[in-house]
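Everything below concerns the one structure shown next.
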Amino acid sequence: MIELSISANCHKGVVRDNNEDMLLVSGHCSRDCSLITKVDIGPRGRYIVAIADGMGGYDEGEVASEMTLHSLSDFFAQLPSGLSVEDLRDVTCEWGELIHDIVNEDASAHGVVRGTTLVALAVYEDKMFFINCGDSRMYRYRDGVLSQLTDDHNLASLTGKFEDKHVVVNCIGAGAESSYMDFVDMSNRMFNEDLFLLCSDGLSDMCSDSEIEEALRLGHDANDLVALANRKGGLDNVSVINVKVNIL
């Protein structure tokens, strides 16, 4: 059995009037929220948390993030039992292509452009995996060391130039012809007392990895990390989900 201790916070930040971020926790999609929960997952159980960051600079990014997380929640709940890692990868990537098309088609029908990033961590039966599309991130904190697990799908990752950091080259929607989903199996890379941190770039832009690492070393939760980002300027919406793993 796996016990997950979760803290989550989604905040509009200090500067922006609207919150385009959204969280998926405990089967519920929420923004402008804070929660702490604990869940036990048996050998045949499943659980998913996710962050979608409606992309600033596009119309109605909050619609894209909400559509994506509601669709992800339904997709995950309806997965049949007994899927292999390869099956999970295939159906998840197929879902990613489908929601990309749905977001684009709905936006086109309304004469707008909508886009969102997505990062999610899931436990499915005896497997754990994460998915990523865009520049929201997932980190692992283990034995006092913070490591970024996701790749940033932005121009800076291709050019190495910091000024290209906010040019996203892969996302859901935003009028792009196609998108892709990173799927990584964590089943044999999960240790007892690992802490996984999911965040939108509202945290990672405001706080360095070393600052996040120090905050986690001090036992700070998602609420504390959001508060830290806001104290450092809060220039964007900021969302954080902390997931502490205990193997029982």
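The values are calculated or read from the model by the stated rules, or taken from the named source; none is laboratory data. Note that this is a predicted model, so its numbers are computed, not measured. Note that we place each Cβ from the backbone using ideal geometry, even for glycine, and neighbour counts take in every protein chain shown. These accessible areas exclude ligands, DNA and RNA; they are computed on the full protein's heavy atoms, side chains included. Shrake-Rupley method; radii C 1.70, N 1.55, O 1.52, S 1.80 Å.
So, with a 1.4 angstrom probe, what is the percent of accessible area on segment 134-209 that is carbon and sulfur?
Numbers: 1660 of 3510 Å².
The C+S portion of the solvent-accessible surface of segment 134-209 is 47 percent.
For segment 61-164, report the accessible area per residue in Å² (1.4 Å probe, heavy atoms, rounded to an integer).
Working: 4410 Å² over 104 residues.
Here the per-residue accessible area is 42 Å².
Using 7 Å Cα-to-Cβ label points, what is the Ser108/Leu195 separation (nm, one decimal)?
Label-label distance for Ser108 and Leu195, simple model: 4.5 nm.
Treat each spin label as a single point 7 Å out from the Cα along the C-beta direction, and report the Cys33 to Asn188 distance in nm.
A separation of 3.6 nm, rounded to one decimal place.
Counting helices only, and only those DSSP H runs with n ≥ 4, report the 222 nm mean residue ellipticity of the chain as the sum of -39,500 (n - 2.57) divided by its residues, in deg cm²/dmol to the nearest 500. Don't skip to the answer; put the middle values down first.
Working: 6 runs with 69 residues, N = 248.
My calculation for the chain gives -8500 deg cm²/dmol from helical runs alone.
Accessible area per residue of segment 188-248 at 1.4 Å probe, in Å²?
Heavy-atom SASA per residue in segment 188-248 reads 41 Å².
Picking from His110, Thr92, Leu23, whose Cα lies most toward the positive end of the charge dipole for the chain (charges on Cβ: Lys, Arg +1; Asp, Glu -1)?
Leu23
Where the centre of each part is set by its Cα atoms, how far does segment 14-83 sit from segment 120-153, in angstrom?
So the separation of the two Cα centres works out to 15 Å.
Rounded to the nearest 20 debye, what is the charge dipole size of segment 1-154 about its Cα centre when +1 sits on each Lys and Arg Cβ and -1 on each Asp and Glu Cβ?
That gives a dipole near 640 debye.
7 Å from Cα along Cα→Cβ at both Glu211 and Ser71: what's the point-to-point distance in nm?
Reported label-point gap for Glu211 and Ser71 is 3.4 nm.
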